[in-house]
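So the structure is just underneath, and the comments pick up after that.
The values are calculated or read from the model by the stated rules, or taken from the named source; none is laboratory data. Computed from a predicted model, the values in this text were never measured in an experiment. Counting neighbours? That spans all protein chains shown, and the Cβs are built from the backbone with ideal geometry, glycine included.
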Amino acid sequence: MRPIQAHYPATRFRRNRRTEALRRLTQENVLTVNDLIWPVFVQDGKDVETPVASMPGVSRRSIDRLVRAVAEAAELGIPAICLFPYTDPSLRTEACEEAWNPENLTNRAIRAIKAEVPDIAIMTDVALDPYSAHGQDGLMKDGVVLNDESVDALVKMALAQADSGADILGPSDMMDGRIGRMRMALEKAGHHTVAIMSYSAKYASAFYGPFRDAVGANATLKGDKKTYQMNPANSDEALRLVHRDLTEGADSVMVKPGMPYLDICRRVKEEFGVPTYAYQVSGEYAMLQAAAQNGWLDGERVMMESLLAFKRAGCDGILTYYAPEVARKLAPSY
């Protein structure tokens, strides 16, 4: 519906922008701490923290340090974290068996966090790239990423994470049919309340480079991921993928990357009206941080503006490395 309004000068849009109070009263979208999911990186060791050079301000943490960081995030009101492991290279194999090991890094971290910070929601990554010798998200044979065999492995990985106490599973692999298989396996195993946030529209993007540094996948990746991640030129396909994942049992969906794909966020939300999330990925974060550190941009302002853009596009929440900083910024001062 098009709004009805008088012609100038009866209508002056600047009236509602004149003061901070008036701007607040007429603001259409609001970013709150409830919109934040904090992606975190975990590594082996004790009392260890390793900065990620390509992501200024982001570190990999040993489990003990990660538990303390998550406790601080919970105190700030952040409702959820998302775990990503830096797996020891000696454990990365062609068959990816470490992915469903109950004692792998992710599963130990889940249990440790739940023991100390039980109320924060823990989301996990379901993909094989942190565990594979070749850096791909699935199993490979003769240079081809296999679909059905990969789904078998991913289901085992998902069950191990659910057994460890994960609240939300985040399948980021983009194999066909994995959501339905995971949902059936979870139901059969009694994990009726474990949610699935499917990476339904994950694009074969150049914005993932710093993340792959953080999980150690850049050093092992052979080839690209264009046979299973989406073509950046496609939009209608994203809607078909979201529809498929919802019919297979996804509770919410994600668009990845974020800001270059805000049009996809808007289309998904308008078409399906389901909980819709986006990932402000490592490349987006790294660009803003680099520009801010060089004095080219106001870091705090672009941080807040970029996240508000996700809300304007219809997102219900955002995975962002800025989450603790944003939560502190949003904390009431009274």
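Details
- Residue that is touching a helix residue (DSSP H, G or I) at 6+ places or on another chain (Cβ under 7 Å) and either within 22 Å of ALA217 (Cβ to Cβ) or not in a loop (DSSP other than H, G, I, E, B) (or both), where the choices are GLY57, GLY45: GLY57
- Condition met for TYR285 (hydroxyl-bearing (Ser, Thr, Tyr), surrounded by 19 or more Cβ atoms within 10 Å (Cβ to Cβ) and in a helix (DSSP H, G or I)): yes
- Some residue of the range 189-207 being at pLDDT below 95 and crowded, with 21+ Cβ neighbours inside 10 Å: yes
- Odd one out for LYS46 among (1) surrounded by 13 or more Cβ atoms within 10 Å (Cβ to Cβ); (2) touching a strand residue (DSSP E or B) at 6+ places or on another chain (Cβ under 6 Å): (1)
- The single residue among GLU72, GLU103, GLU98 that is of a type outside the set (Lys, Arg) and not in a helix (DSSP H, G or I) turns out to be GLU103.
- Count of the range 233-242 residues, restricted to those that are touching an Asp or Glu at 6+ places or on another chain (Cβ under 9 Å) and either among the β-branched types (Val, Ile, Thr) or not in a helix (DSSP H, G or I) (or both), is 2.
- Of residues in the range 309-332 being over 14 Å from VAL33 (Cβ atoms) and in a loop (DSSP other than H, G, I, E, B), the one nearest to the chain's Cα centre (by Cα): TYR321
- Within the range 243-282, tally of residues that are part of a loop (DSSP other than H, G, I, E, B), farther than 23 Å from VAL52 by Cβ, small (Gly, Ala, Ser) and within 16 Å of the chain's Cα centre (by Cα): 1
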